[in-house]
1. Applying the selection to the stretch 254-279, what residues are open to solvent by less than 20 Å² (accessible area, probe 1.4 Å) and not in a helix (DSSP H, G or I)?
2. Any idea which of Thr653, Thr700, Thr624 is open to solvent by less than 30 Å² (accessible area, probe 1.4 Å) and within 16 Å of ligand 3 (Cβ to nearest atom)?
3. Could you please find all residues in the stretch 409-425 being open to solvent by less than 10 Å² (accessible area, probe 1.4 Å), within 16 Å of ligand 1 (Cβ to nearest atom) and either on the phi > 0 side of the Ramachandran plot or touching a helix residue (DSSP H, G or I) at 6+ places or on another chain (Cβ under 8 Å) (or both)?
4. Residues of the stretch 645-655 being under 19 Å from Gly373 (Cα atoms) and not in a strand (DSSP E or B), which ones?
5. Can you give me the number of residues within the stretch 191-209 that are aliphatic (A, V, I, L, M) and either within 12 Å of ligand 3 (Cβ to nearest atom) or open to solvent by 20 Å² or more (accessible area, probe 1.4 Å) (or both)?
6. Return yes when Asp588 is farther than 29 Å from Asn396 by Cα, in contact (Cβ under 8 Å) with a residue 12 or more places away in the chain and open to solvent by 20 Å² or more (accessible area, probe 1.4 Å) and no when it is not.
7. Is it true that Ile465 is aliphatic (A, V, I, L, M) and away from ligand 1 (no atom under 16 Å from the Cβ)?
8. Please indicate, with yes or no, whether at least one residue in the stretch 238-253 is in contact with a helix residue (DSSP H, G or I) (Cβ under 7 Å, 6 or more places away or on another chain), closer than 21 Å to Glu74 by Cα, open to solvent by less than 30 Å² (accessible area, probe 1.4 Å) and not assigned by TED's automatic domain parsing to the domain that holds Leu654.
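The values are calculated or read from the model by the stated rules, or taken from the named source; none is laboratory data. Keep in mind that this is a model prediction, so the values were computed, not measured. Reconstructed Cβ throughout: ideal geometry from the backbone, glycine too, with neighbour counts over all protein chains shown. Calculation scope for accessible area: heavy atoms of the full protein, side chains included, ligands and nucleic acids excluded. Shrake-Rupley method; radii C 1.70, N 1.55, O 1.52, S 1.80 Å.
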Amino acid sequence: MAATKGSKPRIKPFRGPAGGWGSVRSLAEILPREHFPLEGMRELARQNKPDGFMCVSCAWAKPGEPHPAEFCEEGAKATAWELTKLRTTPEFFRDHSVTALREWRDYDLEQHGRLTHPLRYDAAADKYVACSWDEAFDAIAASLRPMDPKRVVFYSSGRTSLEASYMYGLMARMYGNQNLPDSSNMCHESTSVGLKAAIGVPVGTTQLKDFDECDAIFFFGQNVGSNSPRMLHDLRRVRKRGVEIITFNPLRERGLERFTDPQNPIEMATLQETGISTQYHQVKTGGDIAAMMGLAKFLIEWDDAAKAVGDPPVLDHHFIEQHTKDFHAFAEKVRASSWEEIEAESGLTRWALEQAARVYARSKAVLAIYGMGLTQHVKGVENVRMVVNLLLLRGNIGKPGAGPMPVRGHSNVQGQRTVGITEKTELAPVEKLKELYGFNPPTEKGLDTVETCQGIVDGSVRAFIGLGGNFLRAIPDTEKMETAWPRLDMTVHVATKLNRSHLFPGRQAYLLPCLGRIERDMQQSGPQAVSMEDSTSCIHGSLGKAEPASEYLLSEPAIVAALAKRLLPPNPRVDWDSWVEDYGRIRDAIEATYPDKFKDFNQRLFQPGGFWKGNKAAERIWETPSGKAEFLPPSGMSATGFTDKGGQYRLMTLRSNDQFNTTIYGYHDRFRGVKGTRDVLFMNAEDMMQEGLREGDVVTLEGASQDGRVRRRPGLIATVYNIPRGCLGAYYPECNVLIPIEHHAEESHVPAAKSVPVTISRAS
Ligand SMILES: Nc1nc2c(c(=O)[nH]1)N[C@H]1C(S)=C(S)[C@@H](COP(=O)(O)OP(=O)(O)OC[C@H]3O[C@@H](n4cnc5c(=O)[nH]c(N)nc54)[C@H](O)[C@@H]3O)O[C@H]1N2
Ligand SMILES: Nc1nc2c(c(=O)[nH]1)N[C@H]1C(S)=C(S)[C@@H](COP(=O)(O)OP(=O)(O)OC[C@H]3O[C@@H](n4cnc5c(=O)[nH]c(N)nc54)[C@H](O)[C@@H]3O)O[C@H]1N2
Ligand SMILES: [Mo]
């Protein structure tokens, strides 16, 4: 593992708020380092505006009436990362072999700047060499055409636009598979599976306006200050109105504690802060099912008691009767649960849960906001369904100010699923595609992320095409996967910057550089806009205007079209070239395929605040098999899926405030007080004492090894941290080596990155 370069590591508590002067200072460091061009400041001002471009960072909603600067520290970093003046040219690859580059840190690979030319891997020289686009497309198509389509995977990362995603999914299906894993397979797939089963829609039912109507927010496992900072404005607004925010998180995340708006000169000058959470419950990792069972237990007990004496009910029985199924089975399971077990599994006292339950019981409209702290567990889907159970008890779905609000990750990850990036036949528009394009789309289920990994290991997958992302770094089991990867016959990555996935080429490999979203995309009919769907199901147009990083870049739609044309037999009904000439025609095709969601797509493209694609559950129409919203009693109290034993910990892998997924912007995690390193192991003080460790000791984590494989991550600095006993925290992706590929959510196959069983040793 490469050592950390730069300043001496320092870990001490951070006392400031989220936002505030810290975020200004952080940008003042990063913008010059990226050689951020002056014109870039103009681009920043266009970020998330109705006529501008949509931030390439997170998927948080973009309001119709934006702030003068509708971006956050993280969004500005992401823009600077894309608009950097630094370049990774063919000369760079002449000087560095692929094997040598594997020794580089993730940070240094991307920091070297934007890719400029299409590249072919020359195995004899172990180097990437420049090639022409034609050569690349011809070779890729020639290699894929004779292959069994079932053995080829088309991955996409959630940044890709609706237009490119639609074409990509169509290409895969016309070729003969729906092996279309995307980053949501590692992320909110637990939401898509859990919500679909429970309320008939795979996405949240809520929108920005619900912040103005809610009177309480229950907030589970999402680090708003680092990962969706623009939401802090919404949270501050509701706090000023007296809305209670009840947070469940093993760590005291600063963004959930207090915030100073860096764009508010008065707040900045006077160091004013808004307190965010009104209750903060440091639940044990994997303890949310138990915590929510505790809340439900209070509500049901209070309701039973009220009924006995003829008081007004605590539960919304009218809603439950009219709209839900299996309430009684759920209530029985809750009544039968014991407080001992709830307290032990959640790590929270009955008293603390009572305080939270009281807020829930007296609130008329409750939002439930959540992120990876719920989805990335073996019982991740049950976590999500437990959120629904809780909401259903008081009719908190399908009314203003209430409902589930999953916070999605990548800026268009939700949208990709909407336009056909899915391995599941029931989610694909099979009949429509048949009707529109006259072919028989495959109906055999495709491979998701975990199945792709398994296929690469067992040799059944022969080719991997990646539209964005850093798959090999984002998935679990780093060592095992890096060993298997080069056995692939063909690997292709469409990317903006060099990353570790590119350094494990298959027998044939191409690296194709593309335009970023902020850049001008000029096609035959003029400059092109693309579109994306945010976390609240609103669809926004996005127009890039910045000068492209290189004259050789192609747009993602152009790359997909060029490959499709060579790979597929001609089909008079799909004119790939005409789609690329004018992306409006791709949007027409999307509208023809999904007329309900995308009505008048082109006309509404730049509607301020985006246009809402609609949501049946929000109207209390339940598209479940029973036609009702379904309660589901959890199978057990713990979300971890494994039994605790002496010396074994639950490791959660985390993002810092200085990264976007596998992209490392820097080595600080301001809110957690970490400076100059990512090799940190956050530990409870008593656990450290029990292990005989002192602050700063360097330790090794060892992962589970049912398959006989040793999974180790040496070089972590043990650090006393406010974290529940038995739980550990360390950074992703450096700790992915510890996660077995089989350790994933049961129904959704999301890698269970938030509770990984590990032990600690001093061996290096
Ligand atoms: N700047 C920036 N923005 C991003 C990203 C980024 O890397 N950087 N990534 C984007 C992507 S793709 C995604 S998916 C999102 C991710 O955003 P988040 O959903 O915030 O994901 P994580 O950073 O993994 O943090 C998960 C949070 O859950 C808590 N947690 C861990 N285990 C548990 C548990 O068992 N129960 C509870 N209640 N809490 C738990 C952790 O303490 C942490 O606060 O952010 C998106 N936005
Ligand atoms: N242990 C652990 N593992 C995790 C997680 C965790 O919390 N813990 N989180 C999971 C989650 S939620 C996610 S979403 C995944 C993330 O998985 P991915 O989405 O696959 O990874 P990213 O790091 O977002 O991808 C970064 C790369 O995208 C490319 N890129 C950037 N912009 C563009 C563009 O406009 N076009 C194209 N074509 N390429 C571009 C760049 O080359 C860059 O190197 O990781 C997952 N893995
Ligand atoms: Mo994600």
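1. Result: Phe259, Thr260, Asp261, Thr274, Ile276.
2. Being open to solvent by less than 30 Å² (accessible area, probe 1.4 Å) and within 16 Å of ligand 3 (Cβ to nearest atom) holds for just one of Thr653, Thr700, Thr624, which is Thr653.
3. Asn412, Val413, Gln414, Gly415, Gln416, Ile421
4. Arg655
5. 3
6. Taking the combined requirement at face value, the residue satisfies it.
7. Considered against the rule, which asks whether it is aliphatic (A, V, I, L, M) and away from ligand 1 (no atom under 16 Å from the Cβ), Ile465 comes out as yes.
8. Yes: one or more hits.
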